[in-house]
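This report concerns only the one structure given below.
Just so it is clear, none of the values below were taken in a lab; they were calculated from the coordinates. If you're wondering where the values come from, they're calculated on a predicted model, not measured in any experiment. Cβ: placed from backbone, ideal geometry, glycine included. Neighbour counts: every protein chain shown.
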Amino acid sequence: MAKQIPWREEAVLVRTTGASVQDGGRVIVGEGPLFRLLDIADALPPAEIGRYFITLPDRRTPPFRFEGEAIVRLLGRMDRPGALALLNARARLAMRR
């Protein structure tokens, strides 16, 4: 059985000050229901999405956190244009390699 996405649960959108989620400090960009934070994530430049993660601090069962491709998949589930732009940008980068 697929896990339900907690669209209305309180979440925190965080940007790392380093090159990736594992590097550097962290800055809170927004707080609120997950679906509202995805509005912010949808407006991010595709190259920047790897520096962000969304955490669900009050959640007692998985998922507790979304980052990178997991954010893109959530945007895709919401039929957001930002997700398509990000996937297209990644495909173009992969073709250059």
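What trypsin sites (Lys or Arg not before Pro) does the range 8-50 have in DSSP loop regions with at most 14 other beta carbons within 10 Å? Show your work: numbers first, answer last.
Numbers: sites: Arg8, Arg15, Arg26, Arg36; in loops: Arg8.
Counting only loop positions with at most 14 other Cβ atoms within 10 Å, the trypsin sites (Lys or Arg not before Pro) in the range 8-50 are Arg8.
So, counting K/R as plus one and D/E as minus one, what does the shell of residues with Cβ under 12 Å around Pro57 add up to? Mind dumping the intermediate values first?
Values: positive: Arg59, Arg60, Arg65; negative: Glu9, Glu10, Glu31, Asp58.
My count for the surroundings of Pro57 gives -1.
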